[in-house]
Every structure is written in structure tokens, then in C-alpha cells.
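One structure is given here, and the rest of the page talks about it.
Derivation of every value follows stated rules applied to the coordinates shown; laboratory data play no part. Please read these numbers as outputs of a predicted model, since none were measured by experiment. Note that each Cβ is placed from the backbone with ideal geometry, even for glycine, and that neighbours are counted across all protein chains shown.
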């Protein structure tokens with residue numbers, strides 16, 4: 001008597017093209033009595049007429065023929081059953097189909113079977129497929145060491161291949177729960193045990209699959225309800241989507257990102273309609289109505305206010321590239337995660353991974369077909385984003401070009417701060433003070449206007465060295481100038497901050513506000529900070545846009561690391577310092593700086609002269625009159 005669960009276990013079966021994956025699937029369907037009546041006989045009859053020996057891989061070929069004709073078989077799923085439960089095989093003939101289905105959410109697997117030829121062992125394509133499982137966060141993996149008949153069912157050969165598979169999986173952060181010797185063509189160790197491999201005491205493939213867990217609905221996670229569409233039905237405005245994680249109730253106050261608007265759930269709509277429904281949980285597709293007609297559209301995400309997604313226009317992703325056209329810095333694509341689809345540009349290719357030996361190349365020029373890389377993507381719009389670690393449902397990314405899937409992988413938000421933080425003061429009953437001393441009056445006294453000259457660049461690029469020399473030179477010319485340096489402010493004003501993305505953001509926010517106050521007081525301010533995030537520098541500009549000038553102190557990582565004046569790169573490389581910019585934390589060069597000084601190509605004095613000339617051109621009274629107010633003339 002069947003004792004099957006209501007849920008199906010989704011399984012993806014991958015491996016080198018010649019290692020017997022299709023034969024395994026065909027035999028699996030036969031041995032579990034999951035083929036339609038007469039299907040096997042039909043295929044055998046066709047083989048006889050053609051004069052070719054029967055192969056179980058022909059079962060999958062027959063399914064493919066039906067798919068091509070759009071007859072009876074689903075485009076991505078093949079069903080089979082054991083005595084314990086039902087299964088869905090996610091059929092993925094190649095890299096592209098596999099990644100497209102897995103990443104886009106068309107079929108998210110609970111478990112994977114990696115097929116390896118006992119004679120050939122682990123090949124390059126095996127490693128690629130295994131690495132894709134790693135990228136997809138797969139936790140439940142069985143390895144089928146197939147074609148044991150080719151090696152005479154030799155336990156020593158099985159042991160060697162097992163160790164090779166286990167070592168590679170472990171090196172990429174995966175673990176094989178089961179490694180099973182098998183001759184799929186004959187059904188040995190698939191559904192039944194084998195007299196030829198009595199030395200193997202472990203589970204058959206079916207027993208292994210039956211022991212895997214079905215992913216439970218993620219009700220314990222924070223609520224995420226991505227909006228799929230907005231319907232109008234009988235005077236109702238219904239927001240439609242699927243609850244990906246968490247639970248929502250009628251009466252809940254939902255917070256919508258990225259608009260930061262709130263409203264109360266007045267009803268939960270479902271089809272067929274249930275008038276008394278008051279709750280919805282992870283995995284359920286529903287509609288909701290709200291107490292307020294706030295602006296909501298596809299791609300927005302509803303959550304509870306105490307557990308919000310990150311808002312950002314930049315994020316990192318670990319991706320697998322599928323296109324014949326290489327990905328290059330500056331290229332633009334469409335990216336989709338959840339129901340959100342946005343235009344993104346490739347800001348940087350941070351790390352290129354060789355799936356063969358796991359060697360890594362930093363700051364690569366391009367990502368070619370079948371390559372794995374960590375990249376940084378940027379969009380113009382602020383988006384609600386969950387990293388894969390925080391939310392396995394919404395942290396998957398698929399990349400499109402000309403409506404074709406060209407890559408995909410997992411989103412990583414660990415290196416970037418939440419941009420949601422409001423600049424509105426928390427205090428009440430506060431008012432801005434109007435000064436009776438005007439900027440022109442201060443300029444007449446000091447002989448110059450105030451200004452903020454923000455030096456940004458990697459550690460070791462020369463920011464502090466240049467700032468100190470520029471300060472001395474301009475001070476000796478009788479001008480009121482002061483340097484705000486990163487190390488100095490962290491001894492006092494920002495001594496409570498660390499180096500997490502959030503603390504870096506707050507560090508720059510505070511410095512930006514202090515610099516704005518000083519510039520308003522008529523002081524020439526030199527700010528020497530790595531300030532790695534463009535969004536933070538833009539926020540500093542907004543604090544005093546009439547005074548702000550962004551100066552990029554340019555030097556590549558290799559140059560900066562060779563200088564390493566404080567020994568910080570050495571400590572970062574050894575793991576002694578974590579989240580160090582340029583090593584394990586990103587640096588975003590300015591999009592359009594007001595001035596670039598290249599310290600890798602020019603000596604200190606040349607760079608100092610460039611900065612001094614630029615400052616005087618923009619703050620001296622006579623120079624400003626000559627430029628007629630155009631303060632941003634030198635690029």
C-alpha cells in the first residue's frame with residue numbers, strides 16, 4: 001500500500017554527456033514502473049525495425065521527440081514514483097537548459113544525482129556540473145559511479161573514483177551523501193541490489209533518493225511576497241503573487257520595497273474563492289487587498305517592517321556564463337530575480353574561477369562561455385534584494401541578452417550596505433539656523449570660498465600623502481585648509497564604527513556632514529578616504545553639492561599592494577584582516593570624477609601640483625570670476 005507524501009521530491013540528474021545519464025533515467029523509469037503502458041514495447045519495436053540494439057537511453061530520446069512535437073510530456077519535468085513517494089526529474093539536456101530551469105525558478109531541485117563513468121572518472125564537464133550544483137546551493141547530492149561493468153565491477157576502481165569525486169566536491173564546499181556503484185544499463189544498484197557487487201553494503205540509488213528530505217515551505221523565514229501583477233476585479237485592486245517565505249495575515253501591516261510605503265492587508269484572495277481565508281504562508285499563490293491605494297507594481301516586495309530586504313542599486317553575484325559572446329566590464333544585460341527584472345551593467349569582474357583546478361584570477365578582462373565568475377552588477381534603479389544566504393528563493397539570478405538566457409547564479413549582498421537608511425533626523429522640534437554671515441563675506445575675509453575636495457582610492461594609492469602635501473602647500477599660500485583623514489576620524493568621531501559595509505557607509509555619511517559644515521564655514525576641506533562605494537560618495541556630495549569635488553587618486557591593486565605602507569595588504573592576504581577593500585571587499589572607482597591623478601604613472605610632486613591647481617581654480621575669488629561660476633572645468 002502506498003504511503004506517499006503529498007509533496008514531490010524534485011531531482012536534477014547531471015553529468016558528462018557520455019557517462020550514461022540518459023540510460024540511468026530510462027532504466028529508472030522502467031524499474032519503478034513509471035512508464036506508460038506499452039511505451040517500452042513501442043521503443044523496442046522501433047529498434048527492431050531499424051536493426052539497432054535496444055538501449056534504455058532511447059526512452060529519453062522518445063520523450064525528447066514528444067517534447068519537440070509538443071505532445072504529452074512537460075518541457076522540463078519527467079515523473080516517476082517509488083513505494084515511498086513521487087518524484088520529478090528536472091530534465092536538462094545541457095548546461096543552458098539546466099541553468100535556465102534551475103535559476104529562473106521554473107524547477108528548483110531538492111536533490112541532485114551526479115553521474116560519473118567508473119572507467120573515465122571525473123572529467124572537465126563533471127567538474128563544471130558539480131560547480132553548478134555548488135552555485136545553486138545544492139545540499140543533497142548522490143554520486144552514481146556508473147558503468148561498473150566496464151571495469152569488471154572492481155571495488156578498487158570504485159574506491160578510486162569515489163575518492164576523486166569526494167575530494168572535488170569537498171573542495172567546492174559540497175558533500176556527497178551517497179556514492180553508489182552502478183551499472184545503469186542492467187539496473188544494478190539502481191532499484192535492486194547486484195549479485196556482482198556484493199562488496200558494496202550501502203544504499204541503492206532509489207533508497208538514497210527516498211532518504212532525502214523534501215524542502216519544507218520556508219514559513220519560519222521573514223515574509224517575502226514579491227508582486228507578480230496588479231488586478232482590478234469587481235471594484236477591488238488585488239496585488240497578486242506567491243508568498244516565497246514567511247506568513248502573512250489579514251490585519252498585518254505590510255511594508256513595500258523599494259517605495260517605503262505601508263498599508264494594512266484587508267483581505268486574502270484565492271481561487272477558488274474562500275471568503276473566510278485569513279492567512280497565507282510560503283509556497284502559496286494568492287492575491288491581497290490593502291487599506292490604502294498606494295503605488296505598487298510588479299517587482300515590488302512586501303514584507304513586515306521589522307525584517308526588510310536590502311535596498312541597493314549594486315550587488316555581487318557568483319555566476320555561470322553560457323553565451324558564446326564573452327561578458328565584459330561595461331556590458332549591459334537584463335537581470336531577473338524574483339519578479340524583479342532590471343537593466344544592469346557589469347561594473348567589475350572580480351574573480352574568475354577555473355573549475356578544473358579552482359585557481360582564481362582577479363579583475364579578469366572577460367568571462368567566456370562555460371566559465372564561472374564573481375561579478376559586480378549595477379543598475380540605475382534602487383531595488384529590493386535578498387542574497388542567496390538570506391533567502392534561497394529570491395537570491396537566484398538569471399541574466400538575459402536579447403531575450404536569451406546567457407548566465408545565472410546566486411546573489412551575494414555581504415559586501416554591500418543597505419541603502420535604505422533615511423537621512424531624516426530622528427529628533428523632533430529641530431530647525432535649521434540661518435546665518436547672518438554669507439559665503440561671500442567669508443570669502444572676502446579669507447580670500448577664497450570653502451570647498452570639499454574628496455580624495456578617493458584604494459589603500460596605498462597615496463591619498464593621505466597627497467592630502468598632507470597639498471594642505472601644506474596651500475596653507476603656506478595663506479589659505480584656510482584642513483585635512484580630514486580616514487585613520488584620524490576613526491580615533492575620535494567614528495571610533496564606534498567597524499569595517500562592515502554598514503559601518504563603512506555610516507563612516508562616510510558622518511565625514512560628509514562634517515566636511516559640509518566646514519566648507520560652509522569657508523574652509524577648504526581635503527577628505528582622504530577610501531570611501532569604496534559610489535553611493536556613499538554620492539551621498540557625501542548631496543550634503544553640500546555646491547562645494548563638493550570628487551578626486552580619484554588612481555592606482556591599480558598591484559601597485560598599491562607593492563607599496564603597502566602600513567602592511568595592511570599582507571595582513572589581509574593572510575586572513576588577519578577581514579573585509580579589506582580590494583581583497584575581500586569591493587572598491588568602486590568613480591563614474592565621472594572631477595579630477596583624476598594617476599599616482600602609478602606620476603610622482604608625488606606632479607600629483608600635488610595637479611590637485612593644488614585644481615583647488616585654487618575652484619575656490620579663489622578671482623579664479624571663480626574668470627570661470628563665471630563653472631566650478632567643474634578640469635576632468
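Legend: P(r) of the chain from all alpha carbon pair distances, 10 Å bins from 0, whole percents, reading 3, 13, 19, 20, 17, 12, 8, 4, 2, 0, 0.
Each residue in 402, 154 was given a count of other beta-carbon atoms within 10 angstrom of its own, and listing them fewest first yields 402, 154. Seen against the Cα atoms of the chain and their longest principal axis, helix 57-68 is set at about 60 degrees.
Hey, what D do you get for segment 161-288 in µm²/s if you plug the Kirkwood alpha-carbon radius into Stokes-Einstein at 20 °C and 1.002 mPa s?
Working: Rh = 19.0 Å.
D, rounded to a whole number, is 113 µm²/s.
Peptides 580-589, 191-200 ranked from most to least packed by the mean count of surrounding Cβ atoms within 10 Å: 580-589, 191-200.
Can you classify segment 439-627 as rounded, prolate or oblate using the Cα gyration tensor, where a ≥ b ≥ c are the square roots of its eigenvalues, rounded means a/c under 1.5, and otherwise it's prolate if a/b beats b/c and oblate if not? Prolate, because a/c is 1.5 or more and a/b exceeds b/c.
The alpha carbons of segment 277-382 give a radius of gyration and a Dmax of 18.3, 57 Å, in that order.
Ranking 413, 148, 445 by Cβ neighbours within 10 Å, fewest first, what do you get? Show your work: numbers first, answer last.
On the way: 413 23, 148 29, 445 11.
Ascending number of Cβ neighbours within 10 Å: 445, 413, 148.
Given the rule -39500 (n - 2.57) for each run of at least 4 DSSP H residues, summed and divided by the residues of the chain, what is its mean residue ellipticity at 222 nm, to the nearest 500 deg cm²/dmol?
Per the formula, -8000 deg cm²/dmol.
Summary of packing: across the peptides 449-462, 539-552, the per-residue average of other C-beta atoms within 10 Å ranks them, highest first, as 449-462, 539-552. Each principal axis of the Cα cloud of segment 263-325 was taken in turn, and the coordinate range along them, longest first, works out to 52, 27, 20 Å. With angles folded into 0 to 90 degrees, how steeply does helix 155-171 sit against the dominant principal axis of the chain? Use alpha carbons for both and round to 10. The helix 155-171 is inclined about 20 degrees to the chain.
Packing, as the average of other Cβ atoms within 10 Å across residues, places the peptides 477-488, 110-121 in the order 110-121, 477-488, highest first. Axis angle, to the nearest 10 degrees, between helix 95-104 and the longest C-alpha principal axis of the chain: 70 degrees. Taking the centroid of alpha carbons for each part, segment 534-555 and segment 174-247 are 49 Å apart. For the chain, the relative contact order is 9 percent, taking Cα pairs closer than 8 Å that sit 6 or more residues apart in sequence and dividing their mean separation by the residue count.
In terms of the Cα gyration tensor, with a ≥ b ≥ c the square roots of its eigenvalues, is segment 225-303 rounded because a/c is under 1.5, prolate because a/b exceeds b/c, or oblate?
Numbers: a/c = 1.39, a/b = 1.18, b/c = 1.18.
Rounded shape, in that the Cα axes give a/c under 1.5.
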